[in-house]
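**Student:** Let me give you the structure first, and then I'll get to my questions.
Derivation of every value follows stated rules applied to the coordinates shown; laboratory data play no part. Predicted model only: the values in this text are computed from it and were never measured. Here the Cβ is made from the backbone with ideal geometry for all residues, glycine too, and neighbour counts use every protein chain on show.
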Amino acid sequence: MLLKRYFFDTQCRLGGVLAVLAVLGWCGAEAEFYSSVHAMSKVFGYEQKMLQHMQKFIADNESKLDFLRARLDEFERERDEAEQWGVAYFESPLNKYLLSKRLTLDWEHIANLMAATTGAKPLLRLQRLRQHESMPNARELEGAIDGLLRLQFVYRLKTKHVAAGVLDGVSYGTQLNAQHCLDIAQQAERDDHLQLAHAWLLEANSRLSHSDRAQLQPLILRQLVKVKARLSDHRGVNSTLQVLQNVEPGSETPLNKYEDLMQVQHQIDELTAEPVEEHAPLPEDFTKLSDFELYRYTCNGHIKPTPSELRRLRCGYMSETHPFLLLAPLKVEELSHDPLLVVYHDVIYQSEIDTIARLIKNKIQRATVMGNNSSVVSNARTSQFTFIPKTRHKVLRTIDQRVADMTDLNLEYAEHHQLANYGIGGHYAQHMDWFYPNAFATEQVSSIEMGNRIATVLFYLTDVEQGGGTAFPVLKQLLKPKKYAAAFWYNLHASGVGDVRTMHGACPIIVGSKWVLNRWIREFVQSDRRPCHLWDDSLLTLSQVLELDKSQIE
Ligand SMILES: O=C(O)CCC(=O)C(=O)O
Ligand SMILES: [Fe+2]
């Protein structure tokens, strides 16, 4: 069920914490942050301004409180004096005046001051900033939590590690509190990921502090009852309900003693001792997995080439595809011979990356995938992208010339350059870059006359600290993004039939920001470069063909 939510959801989602309006925003071209680190860093600046308004608000209110405190001291002093005088106090006309003044003008002034909305200006500014169209909203928060849960699921991360800021073995020193854990649990439950929801609730409970215990513990336990019921853990539901009765403020035996609290904690510890595995056990046979599971287990490193498969692969300098390369050979690393998959190292310059960054400034938007009849936003692809035609800048033409030299393919009719950036948990689930015949039939493919995508060149414009590899499950390869490198593979068999073995996906980013540049090269004008086979070489593996048939029927 999780797969549907985090990876395959091809429609806008209604319900949950989101209002219909927010969902409309999701589908439209509205700015979105969680799917891109680049966009996240922009809103970080707004927060700085909001902090300044908050400081001003506090300062204004502090001076109001200081003033009130001084008046209070003064009035109390005057009353003390009056009490020492006794009734004689009222005999003095001066004192009569002072008291009357206090009770009339002074107190009126004080009451007005107390009623005044001090700090109205900074508050207004703060509110305006919060309403700024590019300010993240509840949908953004949901996207960020989804990303976190996706990371946890794909990389099989333990809840207690994530909550303690340890991601895949690296500690980032960020601790989540009980409320954070509860929020994540609630979203996991809404998304039907019950084991993870269960684990996050236990973590929330173990992270309760003295001050938030009374307020949060009933909420955690109530959610735990719900999750246990959905997990069909009826015994667990009963025992949690018993504990809940003790904790609820309205219950007959409210907890007011330290011993009572300890007793409840002990009961909860017993509940938490019931094992609910947060991740399913590892599969016994990795060959019998769904495509998504294949992608997931390649991302998390369980599917990898055997030493004997690795032994056949080489790396070295290449100079064959163009005479120019005799002077400046390319560094090539082989990852698969059939279908061909290689990585070229150091094939794009920093100055070129800088120019591209300038060209696409403020242009990237949430990425889409191909739906039934049109492009749609999908949880299968959580990144942001933009296309730029090569006519936009000479740097793009220079890169294309280099790609032509590297691949010996003609780039005259390649698609526009596609730039993509991935944010927290950002990913692109397994897919093939080539188009199915029905996509041509229904004219979903742009520039149909250019034919199918014969090959892909994927440039890595950044390193990624953790995660974010490109997984090729059938080829058992996981490419770690390496700045200035580019992956190259043929998508089609030499007969022109799409090669299912090129299935690949971008694994979720654990830490870092990933920028890639895609060059999709079409079949048109390649006949002298990569002649077609007269026989259909895709028939080599029957299972591949069956797989292909299946997906074309769907
Ligand atoms: O970002 C990646 O590693 C892969 C991207 C990809 O496969 C695509 O954009 O088609
Ligand atoms: Fe792709």
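**Student:** Test of understanding: what is the full-extension gain from D168 to N362, defined as 0.36 nm times their sequence separation minus their Cα-Cα distance?
**Tutor:** Details: separation 194, 0.36 × 194 = 69.84 nm, distance 3.22 nm.
Using 0.36 nm per residue and subtracting the Cα-Cα distance, I get 66.6 nm.
**Student:** In which sequence would Y172, Y484, Y297 go, from the one with the fewest C-beta neighbours within 10 Å to the one with the most? Display every interim value, and only then the final one.
**Tutor:** On the way: Y172 12, Y484 18, Y297 21.
Fewest-to-most ranking of Y172, Y484, Y297: Y172, Y484, Y297.
**Student:** Return C507, C315, C299 ranked ascending by Cβ neighbour count within 10 Å, so the fewest neighbours appear first. Please report the intermediate quantities before stating the final value.
**Tutor:** Details: C507 31, C315 13, C299 25.
Listing C507, C315, C299 from fewest to most nearby Cβ atoms yields C315, C299, C507.
**Student:** On to the next question. Starting from the Cα gyration tensor of region 307-553, take the square roots of the eigenvalues, sort them a ≥ b ≥ c, and report rounded, prolate or oblate (rounded when a/c is under 1.5, otherwise prolate if a/b is larger than b/c, else oblate).
**Tutor:** Because its axes are fairly even, with a/c under 1.5, region 307-553 counts as rounded.
**Student:** What does the extension gain come out to for I110 and D338, with contour length at 0.36 nm per residue minus their alpha carbon separation? Intermediate values should be presented prior to the final figure.
**Tutor:** On the way: separation 228, 0.36 × 228 = 82.08 nm, distance 8.41 nm.
Here the segment from I110 to D338 would lengthen by 73.7 nm.
**Student:** Net charge around P389, counting only other residues with Cβ within less than 14 Å of its Cβ (Lys, Arg = +1; Asp, Glu = -1)? Walk me through the intermediate numbers first.
**Tutor:** Values: positive: K363, K390, R392, K394, R397, R519; negative: D400, E412, E415.
So the environment of P389 carries a net charge of +3.
**Student:** In whole Å, what is the distance between the alpha-carbon centres of region 110-170 and region 410-450?
**Tutor:** Here the two parts' Cα centres lie 34 Å apart.
**Student:** Work through the residues other than T306 whose Cβ is under 15 Å from its Cβ and net out their charges, Lys, Arg +1 and Asp, Glu -1.
**Tutor:** Working: positive: K304, R311, R312, K476; negative: E309.
In short, +3.
**Student:** In nm, give the distance between the simple-model label positions of K158 and H345, each being 7 Å from the Cα along the Cα-to-Cβ direction.
**Tutor:** 3.6
**Student:** Going by C-beta contacts inside 10 Å, put S447, S308 in order with the fewest on the left.
**Tutor:** On the way: S447 11, S308 7.
Lowest to highest Cβ neighbour count: S308, S447.
**Student:** With label points built 7 Å along Cα→Cβ from the Cα atoms of E47 and H279, find their separation and express it in nm.
**Tutor:** It is 2.8 nm.
**Student:** Using only Cα atoms, locate the centre of region 228-245 and the centre of region 176-218, then give the distance between them in Å, rounded to an integer.
**Tutor:** Result: 16 Å between the Cα centres.
**Student:** Sticking with this one: Set the Förster radius R0 to 30 Å, insert the Cβ-Cβ distance between D192 and R222 as r into 1/(1 + (r/R0)^6), and round the FRET efficiency to 0.05.
**Tutor:** Details: r = 18 Å, r/R0 = 0.61.
Given R0 = 30 Å and the Cβ-Cβ separation, E is 0.95.
**Student:** Once Lys and Arg get +1 and Asp and Glu get -1 on their Cβ, which of A82, P93, Q127 lies farthest toward the positive end of the dipole of region 40-130?
**Tutor:** The one lying farthest along the dipole's positive direction is Q127.
**Student:** How much length is gained on full extension from E83 to I448, taking 0.36 nm per residue of separation minus their Cα-Cα distance?
**Tutor:** On the way: separation 365, 0.36 × 365 = 131.40 nm, distance 9.68 nm.
Full extension of this stretch gives 121.7 nm more.
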